[in-house]
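The values are calculated or read from the model by the stated rules, or taken from the named source; none is laboratory data. Fair warning: this is a prediction, and the values are worked out from it, not measured in the lab. Ideal geometry is used to build each Cβ from the backbone, glycine not excepted, and the neighbour counts take in all protein chains shown. Accessible surface areas use protein heavy atoms only, side chains included; no ligands, DNA or RNA. Shrake-Rupley method; radii C 1.70, N 1.55, O 1.52, S 1.80 Å.
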Amino acid sequence: NEFAELMLQKNAVLFVCGDAKGMGKDVNDTVARILCNYVEQHPEFVRPLLQALPESKLPVDLEAKVLTTPQALQVLMVWSAENRYVRDLWA
């Protein structure tokens, strides 16, 4: 919970450094899962997160009370573009 609070409430920056093969995807998936779990307990974050996502061909329900895993992964892409989720991965 502390990690999600830092990212969502304090605009923290996450630096990930490690092996791209074994670690990169696992960290992405874990961070997405943490976001989904936190937002499930704190649904007030769903709408702002969804509004921050780039336009998509998929419909977005701004009244949703949960964040899906694909949406959480999109949040990570937005944070990456904002230099809030920085990955230094090597092969």
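At a glance:
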quantity: Yes/no for Val86 being part of a helix (DSSP H, G or I) and either under 13 Å from the mean Cα position of the chain (by Cα) or of a type in the set (Gly, Ala, Ser) (or both); calculated: no
quantity: Filter result (polar (S, T, N, Q) and over 13 Å from the mean Cα position of the chain (by Cα)) within the range 52-82; calculated: Ser56
quantity: Matching residues in the range 64-83 - criterion: being part of a loop (DSSP other than H, G, I, E, B) and without any contact (Cβ under 8 Å) to a residue 12 or more places away in the chain; calculated: Glu82
quantity: Residue within the range 8-21 that is without any contact (Cβ under 8 Å) to a residue 60 or more places away in the chain and surrounded by 15 or more Cβ atoms within 10 Å (Cβ to Cβ) present; calculated: yes
quantity: Residue in the range 66-77 that is of a type outside the set (S, T, N, Q), over 16 Å from Met7 (Cα atoms) and open to solvent by less than 60 Å² (accessible area, probe 1.4 Å) present; calculated: no
